[in-house]
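A short write-up of the structure that comes next.
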Amino acid sequence: MSQGKVLLFSAGGLRLGVFLAEVGRLLVEDQMAPVPFSHPALAGVMLAGDDGPVPVFDLRGLFGSAPPLCAPGATVALFPTAKGPVGLRFEALLGTISSYEPLSESATAALLDQAPEAARGTLTNAARTAEGAFSFFSPDAFLARVGL
């Protein structure tokens, strides 16, 4: 078993995990302002208190589906960057775990092969808990994928 607090969530139809230390904070989505002529994965801009306007991305936009402009009540994770926080909309917040079992290299490859092609560069390894397998989401790889 490996140790380390991991936030489990679903986004883009995938069961994902991210190390809790990589998350700046979690917010509940309220209102979203559209950004014309933007990246297809950009759902819009949300006011995030002291952080001001924050771009919020939705993984579904990477897969060819237009993300909904606003998903009131959805959880948004803020990831700190040199340019300021960037948000990622979750379809569901599944909880946190402090232990998990890493999958073998072949099992990880098989799980990642099931993910849409556009998501594969944002996923690193995979692991399992009693509730099932999940892929690790890389905020840095995602931000690079959307050009930030």
*For residues that are of a type in the set (Ser, Thr, Tyr) and within 20 Å of THR122 (Cβ to Cβ), scanning just the stretch 70-107, find the one that is surrounded by the most Cβ atoms within 10 Å (Cβ to Cβ).*
TYR100
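One line per residue, one yes/no per condition, for (1) of a type outside the set (Phe, Trp, Tyr); (2) farther than 19 Å from SER138 by Cα; (3) within 13 Å of the chain's Cα centre (by Cα):
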{"position": "MET32", "(1), (2), (3)": "yes, yes, no"}
{"position": "GLY61", "(1), (2), (3)": "yes, no, yes"}
{"position": "ALA74", "(1), (2), (3)": "yes, yes, yes"}
{"position": "ALA77", "(1), (2), (3)": "yes, no, yes"}
*Could you please find all residues in the stretch 109-148 being closer than 17 Å to VAL6 by Cα and either in a loop (DSSP other than H, G, I, E, B) or of a type in the set (Ser, Thr, Tyr) (or both)?*
THR122, THR124, THR129, ALA130, GLU131, SER135, SER138
*Looking at (1) of a type outside the set (A, V, I, L, M, F, W, C); (2) at positive phi; (3) touching a helix residue (DSSP H, G or I) at 6+ places or on another chain (Cβ under 9 Å), find the lone condition where GLY44 falls short.*
(3)
*asked:* Checking the condition touching a Gly at 6+ places or on another chain (Cβ under 7 Å) and closer than 30 Å to PHE37 by Cα, which residue from PHE90, PHE79, PHE142, PHE134 passes?
replied: PHE79
*Can you name the residue in the stretch 48-58 that is of a type outside the set (Asp, Glu) and at pLDDT 90 or above and, of all such residues, is nearest to LEU143 (Cα to Cα)?*
PHE57
*Considering only residues that are surrounded by fewer than 16 Cβ atoms within 10 Å (Cβ to Cβ) and of a type outside the set (A, V, I, L, M), look in the stretch 129-148 and name the one that is modelled with the lowest pLDDT.*
GLY147
_Considering only residues that are closer than 30 Å to VAL45 by Cβ, free of Cβ contacts under 8 Å to residues at least 40 places away in the same chain and under 17 Å from the mean Cα position of the chain (by Cα), which ones fall in the stretch 82-121?_
GLY84, GLU117, ARG120, GLY121
*From ALA126, ALA110, grab the single residue that is closer than 18 Å to GLY13 by Cβ and either modelled with pLDDT of 95 or more or crowded, with 16+ Cβ neighbours inside 10 Å (or both).*
ALA126
*So is PRO68 out of contact with any Lys or Arg (no Cβ under 7 Å at 6 or more places or on another chain) and either of a type in the set (Lys, Arg) or without any contact (Cβ under 8 Å) to a residue 40 or more places away in the chain (or both) or not?*
yes
*Restricted to the stretch 3-48, and to residues that are free of Cβ contacts under 8 Å to residues at least 24 places away in the same chain and among the small types (Gly, Ala, Ser), which residue is surrounded by the most Cβ atoms within 10 Å (Cβ to Cβ)?*
SER38
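The values are calculated or read from the model by the stated rules, or taken from the named source; none is laboratory data. All of these numbers come straight from a predicted model, not from anything done at the bench. A quick note on method: Cβ atoms are made from the backbone with ideal geometry, for glycine too, and the neighbour counts reach across all protein chains shown.
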